[in-house]
Amino acid sequence: GHSSHARGTLAMGKGGNASAAGPAALGKGLNPDRQYTQIRGQVYDITDFAKSHPGGAQLLALAVGRDATILFESHHVRPELVAKTLKSLPKVDTDVNLCPDESFPKPLDSPIYRRIQQRVRDEIMAPLEQKNGRAPSGRGGLVRDAAAVLVFSIAALVWYIKDPCLLSGCALGFAGYWSGTGLQHTANHGGLCKSSFWNQFWGWFGSDVIIGKSSLEWRYHHMVSHHSYCNDHERDQDVYTSFPLIRLDESQPWAWHHQFQQIYTPLVWPFLYAASQVGDFTNVLVNKASPGVEYHGVTKSEVAQYVLGKVAHFGLTLFLPAYLHGFEKTIVPFLTFGAFGSFVLCWFFIVSHNLDGLRPSQLSKETKSDWGRWQIETSATWGNSFWSFLSGGLNYQIEHHMFPDISMKQYQIAQPKIKAICEKHGVPYVQESVWKRVVQLADVMVGKRDMLVWENGD
């Protein structure tokens, strides 16, 4: 891998190494009709592997055309197993790196991440293997949870279509939130079902159809950007795309209006739904990229699913009720659906990631060079099994950032083990009750507690 530094590297755009070169700048040995990825300085041809990748072609596609070291090392619980597969992939010897080497800390260079991974393998995966007689993936086992989300979502949709009003709009908004966390999130990460086809289907249905959010766009911005570089203001889209309106990190420049952000942030949240419609369209059809993350691996069928999803979503939430009851009766419930769903989702997101003490500017030097510590110290685990049911296990946020592709059933078992390892090695592990987090968030909003209101040094 080290010889690669002697070769040239191609231009990189915003979002660190997420951006890669287009076919125009291909080096020797690279064919524009093939798909490549780069892991620890080595370029691999993954064109043919797409059909047999256990997580499915749609997840492998995220690695195309970029340095996928972090994606690769953080999305597989058993490194020894995937190392074998990696050896079997065709290596490409090229005079030009596919893209610059990943400069962010890498998961398998993190001693604490390796310890946690080892413990999860020994104490969760190994017993499962003995019980079932085959190597477990950590995926699946969520039929009851997914069924609850589906039944609620379909019931809310039927009520809303039959009688569009403020209440049914709120119910559908909540269904959108729940489908977003409990159905599409786990499915698009590849953890809902053992089958990659059904993961892709439920990911599409839960996101594109019920919420109206492109699962294609989500996979790139959420998995390539947010999960690799949690809360980093230059690389994590969830942080830098809300700026300059909302400032979530002290290293971002201060402006006069930020002193009022606790007042206007809740008012902005409901526009997330509208913003994501515009964002989906420009990212998928115009730019073929989310900010900082180009869609090199996107397929025609994924774009077709995007179009079909939008037609189904607006057909069910806007055109069918308008056809049945008239546009005047439908428009306010429709806006209520988008606003209420966005509000619940944003509340939930901020509680998990952006309260005091979870921001990179507060991390120690040691943490900034250790991927595992970075993920643990920029996330919080909160609430109990009830909240887990209502959030698809996303309240186990630290566990989710350690192992994004396994199901919440495993998070519940892994949580005390991960916490114990953190305590043993002096890594701050934030775990609080949901009410404490809500009170903190309320304090932020009314200005009792600063959500980055002052400039550094004030």
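The values are calculated or read from the model by the stated rules, or taken from the named source; none is laboratory data. Just so it is clear, the structure is predicted and the values come from calculations on it, not from any experiment. Ideal geometry is used to build each Cβ from the backbone, glycine not excepted, and the neighbour counts take in all protein chains shown. These accessible areas exclude ligands, DNA and RNA; they are computed on the full protein's heavy atoms, side chains included. Shrake-Rupley method; radii C 1.70, N 1.55, O 1.52, S 1.80 Å.
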Please determine, by comparing only the residues of region 416-454 that are open to solvent by less than 40 Å² (accessible area, probe 1.4 Å) and touching a strand residue (DSSP E or B) at 6+ places or on another chain (Cβ under 6 Å), which one is modelled with the lowest pLDDT.
Arg437
Just to be sure I understand, how many residues within region 102-124 are outside any helix (DSSP H, G or I) and of a type in the set (Lys, Arg)?
1
Single residue of Ser228, Ser168 found to be surrounded by fewer than 23 Cβ atoms within 10 Å (Cβ to Cβ) and in contact (Cβ under 8 Å) with a residue 60 or more places away in the chain:
Ser168
Taking only pairs six or more apart or across chains, which ones have beta-carbon atoms under 6 Å, a first residue in region 124-145 that is closer than 22 Å to Ile418 by Cβ, and a second residue that is modelled with pLDDT of 80 or more and open to solvent by 60 Å² or more (accessible area, probe 1.4 Å)?
Ile124/Ile413; Arg139/Lys194; Gly140/Lys194; Gly141/Lys409
Given (1) closer than 17 Å to Ile418 by Cβ; (2) of a type in the set (A, V, I, L, M, F, W, C); (3) not in a loop (DSSP other than H, G, I, E, B), Ala50 misses just (1)
Residue in region 125-163 that is farthest from Phe201 (Cα to Cα), counting only those that are of a type in the set (S, T, N, Q), part of a helix (DSSP H, G or I) and open to solvent by 30 Å² or more (accessible area, probe 1.4 Å):
Gln130
Would you say Ser364 is among the small types (Gly, Ala, Ser), modelled with pLDDT under 85 and surrounded by fewer than 21 Cβ atoms within 10 Å (Cβ to Cβ)?
yes
Residues in region 265-282 that are crowded, with 19+ Cβ neighbours inside 10 Å and at pLDDT 90 or above: how many?
1
In the set Trp256, Trp347, which member is more than 30 Å from Lys162 (Cα to Cα) and at pLDDT below 95?
Trp256
Ser301 fails exactly one of the following numbered conditions: (1) more than 14 Å from Glu217 (Cβ to Cβ); (2) touching a Phe, Trp or Tyr at 6+ places or on another chain (Cβ under 9 Å). What is the number of that condition?
(2)
So Ser110, is it over 21 Å from His401 (Cα atoms) and polar (S, T, N, Q):
no
Do you know which residues across region 371-410 are among the acidic types (Asp, Glu) and surrounded by fewer than 23 Cβ atoms within 10 Å (Cβ to Cβ)?
Asp405
Taking region 369-387 on its own, how many of its residues are over 18 Å from the mean Cα position of the chain (by Cα) and in a helix (DSSP H, G or I)?
4
Which condition does Leu98 not pass, out of (1) open to solvent by less than 20 Å² (accessible area, probe 1.4 Å); (2) within 23 Å of the chain's Cα centre (by Cα); (3) not small (Gly, Ala, Ser), if it passes all the others?
(2)
Test Ser242 against the stated conditions and say whether it is modelled with pLDDT of 85 or more, surrounded by fewer than 23 Cβ atoms within 10 Å (Cβ to Cβ) and in contact with a helix residue (DSSP H, G or I) (Cβ under 9 Å, 6 or more places away or on another chain).
no
Considering region 200-239 alone, what residues qualify as being charged (D, E, K, R) and modelled with pLDDT of 90 or more?
Asp208, Lys213, Glu217, Arg219
Restricting attention to region 164-182, which residues are closer than 21 Å to Phe348 by Cβ and in a loop (DSSP other than H, G, I, E, B)?
none
I want to confirm something. Restricting to region 78-90 and keeping residues that are in contact with an Asp or Glu (Cβ under 8 Å, 6 or more places away or on another chain) and outside any helix (DSSP H, G or I), which single residue is farthest from Leu30 (Cα to Cα)?
Leu89
If you scan region 367-418, which residues turn out to be of a type in the set (S, T, N, Q) and under 22 Å from Val439 (Cα atoms)?
Thr378, Ser379, Thr381, Asn384, Ser385, Ser388, Ser391, Asn395, Gln397
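Residue-wise test of (1) farther than 24 Å from Phe271 by Cβ; (2) acidic (Asp, Glu); (3) touching a residue at least 12 places away in the same chain (Cβ under 8 Å).
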{"residue": "Val298", "(1), (2), (3)": "yes, no, yes"}
{"residue": "Lys329", "(1), (2), (3)": "no, no, yes"}
{"residue": "Ala339", "(1), (2), (3)": "no, no, yes"}
{"residue": "Lys365", "(1), (2), (3)": "yes, no, no"}
{"residue": "Thr378", "(1), (2), (3)": "yes, no, yes"}
Among (1) open to solvent by less than 20 Å² (accessible area, probe 1.4 Å); (2) part of a helix (DSSP H, G or I); (3) touching a residue at least 24 places away in the same chain (Cβ under 8 Å); (4) farther than 20 Å from His400 by Cα - the single one His185 does not satisfy:
(4)
